[in-house]
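The next block holds one structure in the form of structure tokens; read it before the comments.
Read-outs throughout are calculated quantities, based only on the coordinates presented, and are distinct from any laboratory measurement. Bear in mind the structure is a predicted one, so any value in this text is a computation, not a measurement. Here Cβ is always computed from backbone atoms with ideal geometry, including for glycine, and neighbour counts include all displayed protein chains.
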Amino acid sequence: MLKFSECTLLKLDKLFSLKQIRKSPILDDWLNQAIEIADWEEKVLHLLQETLILGVHDWNEFELSQRFIAPMFAIVHFTSESFNLFAERLFGGSVEDVEIQGKPDGIIASGLREPEKPYFCFHEFKRQHETRGDPAGQCLVAMLVAQELNEHKHPIYGCYVVGDTWRFIVLQDKEYCISNPYIAVRDDIFDIFRVLKALKQIIIRLVAMDK
């Protein structure tokens with residue numbers, strides 16, 4: 001049994017013959033969608049950013065999640081009768097005969113009360129100066145399991161956060177692409193929010209396709 005917490009990009013690349021690519025039309029399309037931010041959303045983002053600037057260096061994982069990340073997702077509102085945002089739910093599967101299991105910090109999946117088909121996997125990595133583990137690998141392994149659960153029908157989306165730094169990932173078959181960093185204490189916070197809003201529209205389409 002391979003655990004999410006044991007995974008690094010190097011280990012996954014070797015075990016599953018994965019390839020990291022520098023450019024991805026799928027990732028570009030996700031990151032560059034024209035999404036408007038309402039005035040009230042902009043005000044809330046400024047407030048969250050001020051809180052982040054003051055506390056991010058000293059927060060633990062739970063504080064970072066509760067005081068910044070969770071409110072960002074809450075504003076986008078990833079909840080409907082067809083899909084929902086789930087946290088710390090155990091899920092797993094078999095990838096090329098390797099059994100994998102873990103609890104990603106978050107997934108967005110079809111289903112209202114429990115996750116069914118996951119479309120997006122999220123991993124948060126404690127404080128800015130934390131040095132243990134590989135957040136990219138832990139996010140990617142959850143995406144690999146999600147890809148199997150979706151029978152490789154469409155790309156899987158992901159994101160991992162280290163302190164104030166966000167990176168977005170897409171996985172299709174054996175290729176994955178990781179975005180350049182978005183720094184939430186800068187104006188990048190508005191780009192991060194646009195990407196999350198674009199993700200909601202993507203998931204709405206994918207859920208409709210899978211019905």
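A dipole drawn for the chain from +1 and -1 charges on Cβ atoms has a positive end, and of Ala146, Ile69, Thr51 the residue lying farthest that way is Ala146.
Each Cα pair under 8 Å and six or more residues apart adds its sequence gap; the mean of these over the residue count of the chain is a relative contact order of 26 percent. Here the Gaussian network model covers the chain, with springs between Cα atoms less than 10 Å apart; of Leu90, Leu149, Leu31, Leu90 fluctuates the most.
Are there any trypsin sites (Lys or Arg not before Pro) in segment 15-46 that are in a DSSP loop and have at most 12 other Cβ atoms within 10 Å? List them by number.
On the way: sites: Lys19, Arg22, Lys23, Lys43; in loops: Arg22, Lys23.
Passing both the DSSP loop test and the Cβ count: Arg22, Lys23.
In this structure, the amide hydrogen of Glu124, modeled 1.01 Å from its nitrogen in the peptide plane, lies closer than 5 angstrom to those of Asp105, Val161, counting only residues at least 5 positions away or on a different chain.
Each label was represented as a point 7 Å from its Cα along the Cα-to-Cβ direction; for Glu41 and Met209 these points are 2.3 nm apart.
Over the chain, dividing the summed -39,500 (n - 2.57) contributions of all DSSP H runs of at least 4 residues by the number of residues returns a 222 nm mean residue ellipticity of -12000 deg cm²/dmol. Given +1 at the Cβ of Lys and Arg, -1 at the Cβ of Asp and Glu and no other charges, the dipole of segment 2-210 around its Cα centre is 260 debye to the nearest 20. Of the GluC sites (Glu not before Pro) found in segment 1-72, the ones in coil according to DSSP and having at most 16 other Cβ atoms within 10 Å of their Cβ are Glu36. Apply the Debye scattering formula to the chain, with a single equal point scatterer on each alpha-carbon and no solvent, then give log10 I(q)/I(0) at q = 0.08, 0.13, 0.18, 0.19 Å⁻¹. The computed values of log10 I(q)/I(0) come out as -0.25, -0.69, -1.39, -1.55. Annotation: amide H of Val95 within the under-5 Å range of Ile100, sequence separation 5 or more or interchain, hydrogens built in the peptide plane.
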